[in-house]
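Worksheet: the structure to be examined is printed underneath.
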Amino acid sequence: MIWMLVSMLLAASVKPGAAAPHSSEVGHRASLVVADTDSASAARPPLQIMGGPGFRALLARVAKRCPASRVRYATPAALLDLEEQFEAGLDSSAARRLHAEKHLTASGDYPRCVGRDGASCPAGQALEAIERARLTDRFTSTVCAHGGGPWG
């Protein structure tokens, strides 16, 4: 994923009519881009790879209820952790509704995420399940309780 981003950035940096950079220069530029995006600061949040309808629904509600939240910069793993805490705190009826909307495989995976590494896919699927279960407002309260501090 990061190499695709690096390739797009490098392609955009070549001026029309200019010679393509030598492969060693590309490698050097790529390492600079990766090194730059791997470090996060308060001024520059980490590279965000979350998206999808569940995440957009969450962001819309957060923008209204707790605009100081920095959830837009949360890592997928941090969102999965929060979703697990949220689910553990649900009453049995809401928990059953959420579990039914997850459509997990027998091994406990989201069908769209089978064979995929990383937390982005399951985090996105979890947020979509929360949306389908009509629990996004309650999940937003959990996100807002986190405050404006940094996310994982």
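For the reader, a short list of remarks on this structure follows.
- At an R0 of 30 angstrom, the distance between the Cβ atoms of THR142 and ALA100 translates into a FRET efficiency of 0.90.
- Label separation (LYS64 vs SER107): 4.0 nm, computed from points 7 Å beyond Cα along the C-beta direction.
- You can think of it this way: the chain between GLN85 and ARG72 has 2.8 nm of extra reach, that is 0.36 nm per residue less the Cα-Cα gap.
Laboratory data are not the source of any read-out in this text; all were calculated from the coordinates shown. Because the structure is predicted, anything quoted here is derived from the model rather than measured. Cβ: placed from backbone, ideal geometry, glycine included. Neighbour counts: every protein chain shown.
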